[in-house]
Amino acid sequence: MTSQGIVGEFLSLKSETDADVLTMQCGDFYEFFGDDAEFVAEELDLKVSQKSSHGSSYPMAGVPVDDLTPYLKVLVERGYRVAVADQFDGEDGHYRKITRVATPGTLLETTDADARYIASMVAPDDDEGVGLAFADVTTGQFFVTETDDADAAYSELYRFSPVEILPGPTVRGDDDFLSRLRQDTDASLSLFEADAFAPGRAKHVVRDQFGRETLESVGLNSDLAVRAAGAVLRYVEETGTGVLQSMTRLQTYETRDHLELDATTQRNLELTETMHGETDGTLVDAIDHTVTSPGGRLLREWLTRPRRDRAELERRLDAVTALAREALSRERVRDTLDGVYDLERLAARAASGSAGASDLLSVRDTLAVLPAVAEAIEESPLSESPLSDVVARPDREAAAALHDELADALADDPPKTVRQGGLFKHGYDDELDELIDSHEEAQRWIDTLADREKRQHSLSHVTVDRNKTDGYYIQVGKSVADQVPEHYREIKTLKNSKRFVTEELEEREREILRLEESRGELEYELFCELRERVAAHAELLQDVGRVLAEIDVLSSLATHAAGNDWTRPTLTDPGPVRIEAGRHPVVERTTEFVPNDLYMDDERGFLIVTGPNMSGKSTYMRQAALIVLLAQVGSFVPARSAEIGVVDGIYTRVGALDELAQGRSTFMVEMQELSNILHSATEDSLVILDEVGRGTATYDGISIAWAATEYLHNEVRAKTLFATHYHELTSLADHLDRVANVHVAAEERDGDVTFLRTVQDGPTDRSYGIHVADLAGVPKPVVSRADNVLEKLREEKAIEAKGGESDKPVQAVFDLSSGEFSSGESSGQAGSGQTTDGQIVDGQTADGQAASADQRESGVAAAQQSQHAANGESTAGRDASRATDPEADEILDELRETDVNSNAPLDIMAKVQEWQRRLSDND
């Protein structure tokens, strides 16, 4: 201990670290002092005491050394960084130093089967592109890539779901992006030294870790990605995790290798988490039949990172086909896999020096599974499938040799700690065997001492035992205690007995303690050497672990396919999407599902989906997206048959939530999602739009939806499903070649509505919103009144405002020029139930017929002329006024020069708003 005392030493160490909390080993306890003690007392429900030091008193809390891990885990999983200072023996006594900093991304002590990635982000100062690195210290996985921009980087972050993020120097200055990360992810943001992101230093670190030629051999030519990778490696090293040895493989990937799934789409499709943050009801929850934790982790990875490589997908499908067909062989494989341990994480624990004897036994037992799985595959019809190639990937001879070494070395039931002896089998080490033999001989002398004493001294009630206070002792009942021989020395009197020792017993005790100490030291030394040899095989263990996980996932997909009547999709690249009797993979588990067909190709690539509220439009579109996604995972799909043209991305816009904390309303979120789709989707993408423009005025909403449809059809040309209640959009099928209408059917009989859930060609003209309101429990008077108002609107009859100051009926007219209902008087109506010539009332002409696009346009013009006439203006006067207005002429020229087909809808809207502002300023 230093002259500054324990508390002073603690405070000195705390000043050296930027961790949130410090715990310091003091003998058999890890202690917290001062503010840290009060903090952990509240977080961990620990008792606080006081520690006096140099005339002051400090709060103190602590946990036993052997119990630190669960407390550490709780703190780190709550997002705190915890520095750990261990105790060492020096010439002047004990001293402590910080040996590691446990953070969310460097925590090894986890029971959660999910991946725990730490991510690093690097962006240039004045250019686009973001370098990303993802490392899982618990498994040794290490991925690097470069994305085009921050939005693409955000999608990758959402896909990997890291628990900790290291923003580079430029990224940490982007307050908006950091705010988005804090709001939308559960990751902790850690600011690491800027020098770690420097290009030269980062490249040096990466080469030291993976080999000097690795960057060239894996084709990593992105300086940004190298900088991100180097920073992660440096951070892992500096936190003292000790797992760098398990990071054996640098894996580069291009975002185009995988299906593009932005964060919004992953959330909307509820792949691994529902909109409410739950696991139940997700796709992974529906199809996960894995029997190992690594298999479950890999299945999540496949679902969030579907592939575009058709050859790889066909390989997976061939394996799933074989497993689905051969039920007995499949179950044999699954039974063999059931309960295997997580070799990737065990390799990381061995590399970090934290693996115990039970961990190495788990390695032994799991290595024994590999030949058993290989046998189950090779001795069955599965041998003709790609599974034979999968199981042949690892070095099976090396795996068998490591298994045999562990089997020959470790005792079947070793102690929990690695310092007390009893770890190894007899015959593993000659020196250890001699110590064990000597110890057992000394122990036999102790074990037979009581019987010898009884016979030699004619004593009864004699026992020999040991405890921490008295050591070994001879205990004699009080009734015969006065008969003990003279060389017995009394050490303690109890109620019914006395305890004695002899010189020979004390000598034997010293011998046993010496042997136990020597055995413990030697076994610990041998164990550390064995653990290091296991760590040296980290890459082998990772290979075996990943192979077993892949076989588990393929077996899981086959199990679900066989049990739920799923079919193998036919993949084309590119090609149509043709689904016969498709079903939603999650919804079908809980309801009697009505299957539906879907057909889309180059000639029929944009489907406008109409139908009643709650009829199943959203389910129909989501099931289409999920079927395509599952096909590109390599899974069977819920359909009678399916032909899937491989897509490069799936983009969705579904009902949004307010993000008021970020200054974004529902409509703003909707428009940002639409903007991302219009900018990102390609002709090889699948786009799902579930309502667009509903969060603003009707006229604005229809305009946005109309323009977005034209842009997606004419410019993007992606396969698109667009559900809408704007029935005006259905007329686009008459004018745009690739647009077709489909609708979800409903049957109305005697005022009752039945949703048939079947999708049929053609549009529908009713949404049955009032019926849905009734189903939702809206009070009957409100439903009845709504029916009455709707009927009058359809018949263009006057509507009285109940409860108003006047009982005079009000004629409700929908004016497309303003996108609002107005009274007949303000619209120039002749009277109740009448319309001005050409006026459109609620989307209909005066004779009650549905207005065409041309009729609606002319109706707007007529309404505008009528309004100007009412204001005393003439058309000629207006035109003359405009002719003398230079600003209006300039805007007209700009309007004539604007090509609506080459501009995104949102860009057109921005121009319109600018023109309106200029005209308003000019007035």
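The values are calculated or read from the model by the stated rules, or taken from the named source; none is laboratory data. Since we're looking at a predicted model, the values are computed, not measured. All Cβ positions, even for glycine, are placed from backbone atoms using ideal geometry, and neighbour counts span all protein chains on display.
Numbers at a glance
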| read-out | value |
| --- | --- |
| Number of positions in segment 357-396 that are farther than 25 Å from residue 329 by Cβ, under 32 Å from the mean Cα position of the chain (by Cα), touching a residue at least 24 places away in the same chain (Cβ under 8 Å) and crowded, with 18+ Cβ neighbours inside 10 Å | 4 |
| Wholly within segment 193-297, helices (runs of 4 or more DSSP H) carrying at least 1 residues that are in contact (Cβ under 8 Å) with a residue 24 or more places away in the chain and touching an Asp or Glu at 6+ places or on another chain (Cβ under 9 Å) | 199-210, 223-238, 263-268, 283-287 |
| Contacts under 8 angstrom Cβ, first residue in segment 528-556 being over 13 Å from residue 402 (Cβ atoms), partner among the aromatic types (Phe, Trp, Tyr) and at pLDDT 95 or above, 6 or more apart | 553/302 |
| Test for residue 45: is it at negative phi and either over 36 Å from the mean Cα position of the chain (by Cα) or of a type in the set (Asp, Glu) (or both) | no |
| Residue in segment 540-556 that is under 26 Å from the mean Cα position of the chain (by Cα), closer than 27 Å to residue 426 by Cα and in a helix (DSSP H, G or I) present | yes |
| Sole residue being at pLDDT below 75, assigned by TED's automatic domain parsing to the domain that holds residue 702 and under 47 Å from the mean Cα position of the chain (by Cα), chosen from 762, 819, 751 | 751 |
| Test for residue 228: is it surrounded by fewer than 17 Cβ atoms within 10 Å (Cβ to Cβ) and aliphatic (A, V, I, L, M) | no |
| Complete set of residues in segment 80-114 that are under 15 Å from residue 236 (Cβ atoms) and surrounded by fewer than 16 Cβ atoms within 10 Å (Cβ to Cβ) | 99 |
| Some residue of segment 413-428 being under 30 Å from residue 332 (Cβ atoms) and not β-branched (Val, Ile, Thr) | yes |
| Residue 501 vs. criteria crowded, with 17+ Cβ neighbours inside 10 Å, among the β-branched types (Val, Ile, Thr) and under 30 Å from residue 343 (Cβ atoms) | no |
| Subset tally (residues that are assigned to a helix (DSSP H, G or I), surrounded by fewer than 21 Cβ atoms within 10 Å (Cβ to Cβ), touching a helix residue (DSSP H, G or I) at 6+ places or on another chain (Cβ under 9 Å) and not polar (S, T, N, Q)) for segment 161-180 | 5 |
| Residue that is under 28 Å from residue 593 (Cα atoms), buried (at least 18 other Cβ atoms within 10 Å of the Cβ), within 33 Å of the chain's Cα centre (by Cα) and in the same structural domain as residue 574 (by TED's automatic domain parsing), where the choices are 721, 678, 712, 674 | 721 |
| Residue 75 farther than 25 Å from residue 193 by Cβ and within 36 Å of the chain's Cα centre (by Cα) | no |
| Qualifying position, being at pLDDT below 90, within 21 Å of residue 354 (Cβ to Cβ), under 34 Å from the mean Cα position of the chain (by Cα) and surrounded by 12 or more Cβ atoms within 10 Å (Cβ to Cβ), among 69, 23 | 69 |
| Conditions (1) surrounded by 13 or more Cβ atoms within 10 Å (Cβ to Cβ); (2) part of a loop (DSSP other than H, G, I, E, B); (3) of a type outside the set (Phe, Trp, Tyr); (4) out of contact with any Phe, Trp or Tyr (no Cβ under 8 Å at 6 or more places or on another chain); number of the one not met by residue 426 | (1) |
| Segment 468-494, residues that are within 60 Å of the chain's Cα centre (by Cα) and in a loop (DSSP other than H, G, I, E, B) | 468, 469, 470 |
| Criterion (modelled with pLDDT of 85 or more, surrounded by fewer than 17 Cβ atoms within 10 Å (Cβ to Cβ) and within 25 Å of residue 760 (Cα to Cα)) met by exactly one of 685, 641, 731 | 641 |
| Of all residues in segment 304-315 being assigned to a helix (DSSP H, G or I) and either buried (at least 23 other Cβ atoms within 10 Å of the Cβ) or of a type in the set (Asp, Glu) (or both), the one that is nearest to the chain's Cα centre (by Cα) | 312 |
| Residue in segment 164-185 that is under 27 Å from residue 348 (Cβ atoms), hydrophobic (A, V, I, L, M, F, W, C) and in contact with an Asp or Glu (Cβ under 8 Å, 6 or more places away or on another chain) present | no |
| Filter result for the condition that a residue is aliphatic (A, V, I, L, M), surrounded by fewer than 23 Cβ atoms within 10 Å (Cβ to Cβ) and under 22 Å from residue 568 (Cβ atoms), over 299, 328, 323 | 328 |
| Residue that is farthest from the chain's Cα centre (by Cα), among those in segment 621-657 that are in a strand (DSSP E or B) and of a type in the set (A, V, I, L, M) | 642 |
